[in-house]
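Report on the following structure.
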Protein chains: 2
Amino acid sequence: MAKRNHYGVILAGGSGTRFWPRSRRRTPKQLLPFLNEASLIQETAERLRPVIPPERLWVLTNEALRRRVIRQLPEVPARQILAEPVARNTAPAIGLAAQVLGSIDKDAVLGVFPSDHLVARPARFRRLVKAAYRGAEAGRLMVLGIEPRWPETGYGYIEFPAGTEPGALTPAPVIRFLEKPDLKTAKRLVRAKRFGWNAGMFFWRASRFLEELRQHCPKTASLLASLPALGNRSFQSALRTSFPRMESISVDYAVLEKAERVHGLAADDIGWNDLGSWNAVYELLARSRGANVERSESVVLDGNGNYVDAPGKMVALLGVDDLIVVDTPDALLVTKRERAQDVRDVVARLRDLKREDLL
Amino acid sequence: MAKRNHYGVILAGGSGTRFWPRSRRRTPKQLLPFLNEASLIQETAERLRPVIPPERLWVLTNEALRRRVIRQLPEVPARQILAEPVARNTAPAIGLAAQVLGSIDKDAVLGVFPSDHLVARPARFRRLVKAAYRGAEAGRLMVLGIEPRWPETGYGYIEFPAGTEPGALTPAPVIRFLEKPDLKTAKRLVRAKRFGWNAGMFFWRASRFLEELRQHCPKTASLLASLPALGNRSFQSALRTSFPRMESISVDYAVLEKAERVHGLAADDIGWNDLGSWNAVYELLARSRGANVERSESVVLDGNGNYVDAPGKMVALLGVDDLIVVDTPDALLVTKRERAQDVRDVVARLRDLKREDLL
């Protein structure tokens with residue numbers, strides 16, 4: 001049974017650009033469906049439901065997205081969907097959640113979850129999450145390490161003591177955090193068997209986290225402490241004044257790499273995927289659907305490895321391989337799967353061209 | 001000055017499929033604009049105007065397209081836009097024109113022109129056309145041979161006597177017609193300097209052509225001869241009965257390869273292009289526009305040799321080369337330029353799938 005002082009905090013302020021032209025500033029990745037009918041943030045809430053029911057779920061998003069998040073998560077009370085006035089990375093956002101939850105419930109234990117990842121094995125995931133909450137309850141800063149499946153250079157890594165068993169539910173001390181490694185290092189880390197990917201999921205008491213902030217980000221901590229209570233009518237205006245003054249820094253750099261007594265759980269295969277690009281979507285779906293992944297009507301002649309996404313339209317591919325084709329009413333993307341990460345460069349170009357209508 | 005007994009006959013019954021998804025059964029290639037605002041049939045009529053004014057222009061099309069052709073060529077009297085009840089290739093179509101024109105004007109000289117080709121140098125073209133009409137006036141069957149620019153295997157060739165000067169305006173006897181050659185033969189023909197591409201432009205007296213038909217296609221000739229006059233109210237119904245019974249055969253096979261006294265003009269460079277595929281459009285435009293040909297708004301990062309055609313839409317190409325991307329409201333084509341000829345296979349597949357809505 002879920003404990004009353006366990007809260008979920010979903011971070012949904014991201015404005016990822018790698019899913020353009022489907023994702024736009026007002027409909028970023030977390031608000032889009034990818035594999036199912038539900039959006040990624042809806043799936044995140046649904047996945048947590050047996051552990052954290054909607055009434056103890058909180059969301060941090062931005063002002064432009066708040067209304068849409070409220071509409072997508074009708075079971076989460078609207079007052080629990082907070083808008084950051086500006087983007088300040090994860091440390092101030094989680095600090096704000098800790099401040100607000102800590103003043104509502106001095107025993108609050110927070111679980112922090114990205115809103116735009118995928119977990120194919122939610123039951124295994126929840127088993128770990130429950131254990132992580134238990135570890136946090138005891139005063140630890142807890143992280144989850146995902147068993148690495150390839151030498152990814154785009155993630156940070158967490159080092160566990162040798163012999164830490166993936167899927168074991170006992171917290172293991174974290175030896176160190178490693179920033180995104182180069183390929184050679186990444187290969188070594190995967191081989192070493194005691195490193196996990198840092199998937200951005202954290203568990204801690206609100207009070208413990210605010211203590212850490214006071215020590216490592218004193219300015220942010222004091223700005224947070226001076227906020228009026230959430231119900232107060234001056235809350236949002238005070239937030240608008242103080243939030244932009246907080247340090248823009250990730251929780252990893254600000255706290256985790258410096259704090260004492262950081263522990264973690266080495267996850268077994270929970271089917272985690274951060275859906276980093278259109279190619280990640282392709283690869284996930286290609287396992288079940290074969291040579292081409294077609295999310296709309298299509299005719300493929302002499303082509304393999306293509307991802308086609310053009311709702312309401314017939315797409316004909318002739319003699320092309322490994323393409324990503326994503327069509328929307330006002331914009332069309334055609335790229336190679338291996339270039340999927342660089343879709344953000346297209347968005348940057350459109351920004352330079354002042355094509356606000358397409359961002 | 002144009003002579004009163006010279007008539008132009010534009011063949012516009014084609015239903016080419018290589019420009020899908022832009023071209024459809026109801027808007028085939030000849031009714032589409034490619035390089036300019038005007039459609040190819042409109043450009044054809046405009047190009048002929050100084051030689052053949054609209055009042056002496058006749059068009060052969062099919063019943064599905066007749067209304068659209070009338071709208072596109074408002075200066076051509078509607079009664080001169082004839083609909084073939086079924087497609088029977090070029091011999092019956094030209095026979096029909098000869099029959100109708102011959103009964104209106106026993107001295108009629110016909111120039112036959114495809115409706116979907118391009119001529120970049122219309123003044124040179126008209127100089128040749130006038131000379132061809134003069135040659136036909138004297139009773140010859142006249143053809144135009146286009147100076148070959150590469151060893152094309154998709155066209156027929158016309159052999160002229162050695163020493164025939166391209167651009168000379170004196171009719172030269174045609175030694176023979178060669179069907180589409182293999183590449184080795186085509187290379188030899190180009191080197192030999194006395195072969196021209198058969199571009200499907202013919203000039204002859206109506207009376208002479210009907211004589212040839214009587215000799216080589218007697219059934220077609222007699223069906224044509226029994227048609228009532230064009231103004232007669234039973235004309236169209238008689239045509240619907242007799243036209244399907246005519247031999248489906250090209251004028252090349254039916255008449256030109258068998259007839260005596262076939263003459264031709266070896267054209268100098270009139271900038272002829274039959275726009276055989278999207279790649280032909282690309283190549284024509286690439287000369288002036290550089291690496292990528294973009295007929296809509298687009299952003300190309302790390303890409304060369306692409307053809308983009310998506311009106312009203314921003315197209316982003318990232319890291320792709322030599323693609324053809326053509327977008328329409330209900331269908332999108334992505335192919336390699338080298339596969340442009342095979343777009344008809346896509347159409348064939350759609351036909352198999354009974355997707356009438358997309359044909």
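Among the residues of segment B:278-306, write down those that are of a type outside the set (S, T, N, Q) and within 16 Å of A:Lys336 (Cα to Cα).
Step one: filter segment B:278-306 for residues of a type outside the set (S, T, N, Q), giving B:278, B:280-287, B:289-291, B:293-295, B:297, B:299-303, B:305.
Matches in segment B:278-306: B:Val299, B:Val300, B:Leu301, B:Asp302, B:Gly303, B:Gly305.
Yes/no matrix, rows are residues, columns are (1) closer than 22 Å to B:Leu285 by Cα; (2) surrounded by fewer than 18 Cβ atoms within 10 Å (Cβ to Cβ); (3) modelled with pLDDT of 95 or more:
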| residue | (1), (2), (3) |
| --- | --- |
| B:Ile10 | no, no, yes |
| B:Ser15 | no, yes, no |
| B:Arg22 | yes, no, yes |
| B:Gln30 | yes, no, yes |
| B:Glu43 | yes, no, yes |
| B:Glu46 | yes, yes, yes |
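Among what's in segment A:242-254 and is in contact with a helix residue (DSSP H, G or I) (Cβ under 9 Å, 6 or more places away or on another chain) and not in a loop (DSSP other than H, G, I, E, B), pick the residue that is nearest to A:Ala206 (Cα to Cα). Break it down stepwise before answering.
From segment A:242-254, those in contact with a helix residue (DSSP H, G or I) (Cβ under 9 Å, 6 or more places away or on another chain) are A:242-243, A:245-254; that's our starting set.
Next cut, not in a loop (DSSP other than H, G, I, E, B) only: A:242-243, A:245, A:251-254.
Numbers: A:Ser242: 20, A:Phe243: 18, A:Arg245: 21, A:Val251: 14, A:Asp252: 16, A:Tyr253: 18, A:Ala254: 16 Å.
Ranking the qualifying residues of segment A:242-254, first place goes to A:Val251.
Select from segment A:299-313 the residues that are aliphatic (A, V, I, L, M) and at the interface with chain B (Cβ under 7 Å from one of its Cβ atoms) and write down the one among them that is surrounded by the fewest Cβ atoms within 10 Å (Cβ to Cβ).
Here is the first cut: in segment A:299-313, the ones aliphatic (A, V, I, L, M) are A:299-301, A:308, A:310.
Keeping just the survivors that are at the interface with chain B (Cβ under 7 Å from one of its Cβ atoms) gives A:299, A:301, A:310.
Values: A:Val299: 23, A:Leu301: 17, A:Ala310: 20.
So, considering only residues that are aliphatic (A, V, I, L, M) and at the interface with chain B (Cβ under 7 Å from one of its Cβ atoms), the one surrounded by the fewest Cβ atoms within 10 Å (Cβ to Cβ) is A:Leu301.
Report whether or not A:Leu275 is assigned to a loop (DSSP other than H, G, I, E, B), in contact with a strand residue (DSSP E or B) (Cβ under 7 Å, 6 or more places away or on another chain) and within 21 Å of A:Leu11 (Cα to Cα).
Numbers: assigned to a loop (DSSP other than H, G, I, E, B): yes; in contact with a strand residue (DSSP E or B) (Cβ under 7 Å, 6 or more places away or on another chain): yes; within 21 Å of A:Leu11 (Cα to Cα): yes.
The answer is yes for A:Leu275.
Of all residues in segment B:324-357, those being surrounded by fewer than 22 Cβ atoms within 10 Å (Cβ to Cβ), at the interface with chain A (Cβ under 7 Å from one of its Cβ atoms) and not basic (Lys, Arg) number 4.
I need the full set of residues from segment B:314-323 which are outside any strand (DSSP E or B) and within 7 Å of chain A (Cβ to nearest Cβ), in order please. Explain how you work it out, then say what you get.
Filtering segment B:314-323 down to residues outside any strand (DSSP E or B) leaves B:319-322.
If the condition is that a residue be outside any strand (DSSP E or B) and within 7 Å of chain A (Cβ to nearest Cβ), then B:Gly319, B:Val320 are the ones that fit.
Of the residues making up segment B:1-45, just one is of a type in the set (Asp, Glu) and free of Cβ contacts under 8 Å to residues at least 40 places away in the same chain, namely B:Glu37. Among residues of segment B:6-33 being closer than 17 Å to B:Phe113 by Cβ and assigned to a loop (DSSP other than H, G, I, E, B), the one that is nearest to the other protein chains (Cβ to nearest Cβ) is B:Gly16.
Rundown of residues vs (1) assigned to a loop (DSSP other than H, G, I, E, B); (2) in the same structural domain as B:Gly95 (by TED's automatic domain parsing), yes/no style:
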| residue | (1), (2) |
| --- | --- |
| B:Glu260 | yes, yes |
| B:Leu265 | no, yes |
| B:Asp269 | yes, yes |
| B:Tyr282 | no, no |
| B:Val299 | no, no |
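Among the residues of segment A:284-292, is any closer than 17 Å to B:Ile324 by Cα and not small (Gly, Ala, Ser)?
We begin by selecting, within segment A:284-292, every residue closer than 17 Å to B:Ile324 by Cα; these are none.
No, that holds for no residue.
With respect to the conditions (1) touching a residue at least 24 places away in the same chain (Cβ under 8 Å); (2) in contact with a Gly (Cβ under 9 Å, 6 or more places away or on another chain), A:Asp357 lacks only one, and its number is (2). Considered as a group, the residues in segment A:162-216 that are of a type in the set (A, V, I, L, M) and closer than 14 Å to A:Leu128 by Cβ include one that is surrounded by the most Cβ atoms within 10 Å (Cβ to Cβ), and that residue is A:Met201.
The values are calculated or read from the model by the stated rules, or taken from the named source; none is laboratory data. From a predicted model like this one, the values you see are computed outputs, not experimental measurements. Methodologically, a virtual Cβ is constructed for each residue, glycine included, from the backbone with ideal geometry; neighbour enumeration extends over all protein chains shown.
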